[in-house]
Amino acid sequence: MRKIVILGAGPTGLGAAYQLKKLNYKNWQIYEKNSYIGGLSASFRDGQGFTWDIGGHIIFSTDNRFNYLVDDLLGDKSLSFKRESWVWLKDNFIKYPFQNNFHTHPDKEIVIECILGLIDNLYKNGKCRNFEEWIYYFFGKGIARYFMTPYNNKVWACPLDKMDYGWIAERVSVIDIKRILQNIVYSRDDSNWGPNNVFKYPLFGGIGGLFDKFLPYINGHLYLNKNAIKVSVEKKEIVFQDGEKVSYDLLISTIPLNELLNKIENKPEQINKSAKEFVWNGGYMVGIGINKPCPSKKNWIYFPQDDSPFYRVTYLSNYSPNMTPRGNYFSFLAETSYSTCKSVSKETIVDETIRGLINSKLLEEEDKAQIVSTYLIDVQHSFPVPFLGRDEVLREVQSFLSGNDIYSRGRFGGWKYEVGNMDNSVIQGMEIVEKILLSREETIYRV
């Protein structure tokens with residue numbers, strides 16, 4: 001029986017471990033550099049009794065394999081919601097997605113500019129070379145100006161003309177001109193787009209409450225506080241920071257792909273060059289706990305304007321009554337991206353976030369006295385950027401890895417944002433195990 005080693009106990013690593021257990025495979029181990037499991041889907045409880053996620057995570061999927069797994073793990077310990085997501089623009093909230101609901105904004109100059117941009121685009125021909133051009137080609141100048149360009153600049157913290165657009169798929173609602181005209185004529189909002197229109201959330205433990213349920217499947221196989229520093233493809237051996245060496249026959253890696261490549265010894269020069277091509281951003285997740293009843297039923301809000309540092313704010317306390325201490329409390333989670341192209345001060349981001357919440361009228365000045373908790377999580381790998389030429393780099397790198405019995409999968413292990421959601425990440429782990437043991441083709445991750 002070949003020995004399978006998994007690097008990383010985030011959603012993909014846990015999905016792989018779950019499937020190994022389900023298939024009654026015995027010879028495997030999973031190593032995690034942190035003292036906890038869950039990766040980017042972990043949650044933390046602070047000293048004041050607030051629970052914080054690493055970003056605005058929710059549970060949704062069109063893949064029944066993931067839905068069955070969630071039901072198996074959580075049972076009836078989850079809550080269901082119909083999405084309440086909004087865009088804050090020019091002192092007004094309009095429903096998300098912006099491109100389907102811009103006509104509800106009271107500033108009719110914005111509405112007219114968006115409509116004219118769509119009309120101008122009706123007869124456009126040509127080919128897009130990057131994400132920025134794609135935005136203007138499909139949405140026109142108005143929607144690009146007021147939402148798509150500024151919002152994506154805040155999210156990606158990367159020049160949009162350096163990004164590809166082939167990842168779009170289900171991640172962005174593209175224009176249906178007939179639908180938009182009907183919305184305008186009938187004065188209706190249109191907020192039902194997308195697979196996350198209905199979602200679930202764990203009753204206990206934040207989003208990490210889902211991944212904590214994997215523990216029975218990995219007991220006896222899990223090793224925490226194990227940071228891999230070297231990988232030898234010749235010896236099929238991993239060296240950890242504490243000096244331990246672990247051999248493998250097959251390696252499933254879910255750590256960032258560029259970091260994996262940098263850890264591999266004696267790799268070809270071309271692979272060494274490819275490791276330097278990857279582009280990503282980090283993020284500051286700022287939690288704000290407030291001693292007063294929650295004033296809104298909203299789930300999350302998008303912020304394209306530059307009077308706040310964050311691109312999204314979640315009313316985290318609206319997901320479960322167990323996210324705050326008992327009593328009249330509520331909580332925000334605000335997400336701000338940073339990168340080598342966009343610097344953000346870690347020392348001032350909490351204060352900037354509070355000021356942004358006031359600028360966006362989510363807080364009043366007097367509410368600052370009611371803030372009883374602030375929590376900062378620095379996520380050094382937040383979004384894997386779909387940079388120009390990414391797919392060619394991935395094909396080359398993944399071919400080298402699989403030729404050496406290494407399979408790199410997951411949000412950053414596979415470096416494909418379009419299949420990097422929580423559900424897809426878990427399924428990637430399950431599918432790579434099925435590929436290794438059962439010779440089944442993968443359906444989620446393809447290069």
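Go through the stretch 321-333 residue by residue and tally those that are touching a Phe, Trp or Tyr at 6+ places or on another chain (Cβ under 6 Å) and crowded, with 20+ Cβ neighbours inside 10 Å. Please lay out each step first, then the result.
Restricting attention to the stretch 321-333, the residues satisfying the condition of being touching a Phe, Trp or Tyr at 6+ places or on another chain (Cβ under 6 Å) are 322, 324, 331.
Pick out the ones that are also crowded, with 20+ Cβ neighbours inside 10 Å and you get 324, 331.
Residues flagged as touching a Phe, Trp or Tyr at 6+ places or on another chain (Cβ under 6 Å) and crowded, with 20+ Cβ neighbours inside 10 Å within the stretch 321-333 amount to 2.
Within the stretch 410-431, identify whether any single residue is surrounded by fewer than 18 Cβ atoms within 10 Å (Cβ to Cβ) and under 30 Å from residue 65 (Cβ atoms), and answer yes or no. So that I can check it myself, show each step before the final result.
Taking the stretch 410-431 first, the residues surrounded by fewer than 18 Cβ atoms within 10 Å (Cβ to Cβ) are 418.
Going one step further and asking which of them are under 30 Å from residue 65 (Cβ atoms), we end up with 418.
Yes - at least one qualifying residue is present in the stretch 410-431.
To keep it simple, each residue is scored yes or no on (1) at pLDDT 95 or above; (2) surrounded by 21 or more Cβ atoms within 10 Å (Cβ to Cβ); (3) of a type in the set (Ser, Thr, Tyr); (4) in the same structural domain as residue 294 (by TED's automatic domain parsing).
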| position | (1), (2), (3), (4) |
| --- | --- |
| 337 | yes, yes, yes, yes |
| 341 | yes, no, no, yes |
| 345 | yes, no, yes, yes |
| 353 | yes, yes, yes, yes |
| 357 | yes, yes, no, yes |
| 362 | yes, yes, no, yes |
| 375 | yes, no, yes, yes |
| 391 | yes, no, no, no |
| 394 | yes, yes, no, no |
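Evaluate the following for residue 30: is it among the β-branched types (Val, Ile, Thr), touching a His at 6+ places or on another chain (Cβ under 7 Å), touching a residue at least 12 places away in the same chain (Cβ under 8 Å) and crowded, with 19+ Cβ neighbours inside 10 Å?
Numbers: among the β-branched types (Val, Ile, Thr): yes; touching a His at 6+ places or on another chain (Cβ under 7 Å): yes; touching a residue at least 12 places away in the same chain (Cβ under 8 Å): yes; crowded, with 19+ Cβ neighbours inside 10 Å: yes.
Yes.
With the requirement that a residue be under 23 Å from the mean Cα position of the chain (by Cα) and of a type in the set (Asp, Glu), what does the stretch 73-93 give you?
Once the filter is applied, which keeps residues that are under 23 Å from the mean Cα position of the chain (by Cα) and of a type in the set (Asp, Glu), the stretch 73-93 yields only 84.
Which residue pairs have Cβ atoms closer than 7 Å, lie 6 or more positions apart in sequence or on different chains, and pair a first residue in the stretch 232-243 that is in contact (Cβ under 8 Å) with a residue 24 or more places away in the chain and surrounded by 17 or more Cβ atoms within 10 Å (Cβ to Cβ) with a second residue that is polar (S, T, N, Q) and not in a loop (DSSP other than H, G, I, E, B)?
Note: pairs meeting the criteria are 236/247.
Tell me, please, whether a residue that is within 25 Å of residue 445 (Cβ to Cβ) and among the charged types (D, E, K, R) can be found in the stretch 186-198.
For the stretch 186-198, residues within 25 Å of residue 445 (Cβ to Cβ) and among the charged types (D, E, K, R): absent.
Of everything in the stretch 284-330, what is over 21 Å from the mean Cα position of the chain (by Cα) and not in a loop (DSSP other than H, G, I, E, B)? Give them in sequence order.
Correct list: 289, 290, 321, 322, 330.
Residue by residue, here is whether (1) of a type outside the set (Lys, Arg); (2) over 30 Å from residue 177 (Cα atoms); (3) at pLDDT 95 or above holds:
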residue	(1), (2), (3)
45	no, yes, yes
55	yes, yes, yes
81	yes, no, yes
89	yes, no, yes
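Identify, please: which residue in the stretch 12-27 is surrounded by fewer than 23 Cβ atoms within 10 Å (Cβ to Cβ) and in contact with a Leu (Cβ under 8 Å, 6 or more places away or on another chain) and is, among those, nearest to residue 318 (Cα to Cα)?
18
Inside the stretch 3-101, counting only strands (runs of 3 or more DSSP E) that do not spill past its ends, which hold 3 or more residues that are under 27 Å from residue 227 (Cα atoms)?
The strands (runs of 3 or more DSSP E) meeting that bar are 4-7, 28-31, 43-45, 51-53.
Being under 30 Å from residue 305 (Cβ atoms) and outside any loop (DSSP other than H, G, I, E, B): is that true of residue 192 here?
Values: under 30 Å from residue 305 (Cβ atoms): yes; outside any loop (DSSP other than H, G, I, E, B): no.
The answer is no for residue 192.
I'd like to check something: does the stretch 228-244 contain any residue that is out of contact with any Ser or Thr (no Cβ under 7 Å at 6 or more places or on another chain), among the hydroxyl-bearing types (Ser, Thr, Tyr) and farther than 26 Å from residue 55 by Cβ?
Here is the first cut: in the stretch 228-244, the residues out of contact with any Ser or Thr (no Cβ under 7 Å at 6 or more places or on another chain) are 228-235, 238-244.
With among the hydroxyl-bearing types (Ser, Thr, Tyr) added as a condition, the list becomes 232.
Now narrow it down to the ones that are farther than 26 Å from residue 55 by Cβ: 232.
Yes; the residues of the stretch 228-244 include at least one that is out of contact with any Ser or Thr (no Cβ under 7 Å at 6 or more places or on another chain), among the hydroxyl-bearing types (Ser, Thr, Tyr) and farther than 26 Å from residue 55 by Cβ.
Taking residue 79 as the residue in question, decide whether it is surrounded by fewer than 19 Cβ atoms within 10 Å (Cβ to Cβ) and not assigned by TED's automatic domain parsing to the domain that holds residue 16.
On the way: surrounded by fewer than 19 Cβ atoms within 10 Å (Cβ to Cβ): yes; not assigned by TED's automatic domain parsing to the domain that holds residue 16: yes.
Considered against the rule, which asks whether it is surrounded by fewer than 19 Cβ atoms within 10 Å (Cβ to Cβ) and not assigned by TED's automatic domain parsing to the domain that holds residue 16, residue 79 comes out as yes.
Quickly run through the stretch 238-253 and pick out the residues that are out of contact with any Asp or Glu (no Cβ under 7 Å at 6 or more places or on another chain) and over 23 Å from residue 435 (Cβ atoms).
239, 240, 241, 242, 243, 244
Failed condition for residue 110, given (1) hydrophobic (A, V, I, L, M, F, W, C); (2) closer than 24 Å to residue 311 by Cα; (3) crowded, with 23+ Cβ neighbours inside 10 Å, with all others met?
(3)
The values are calculated or read from the model by the stated rules, or taken from the named source; none is laboratory data. Keep in mind it's a predicted model, so treat the numbers as computed, not measured. FYI the Cβ positions are ideal-geometry reconstructions off the backbone, even for glycines, and counts take in every protein chain you see.
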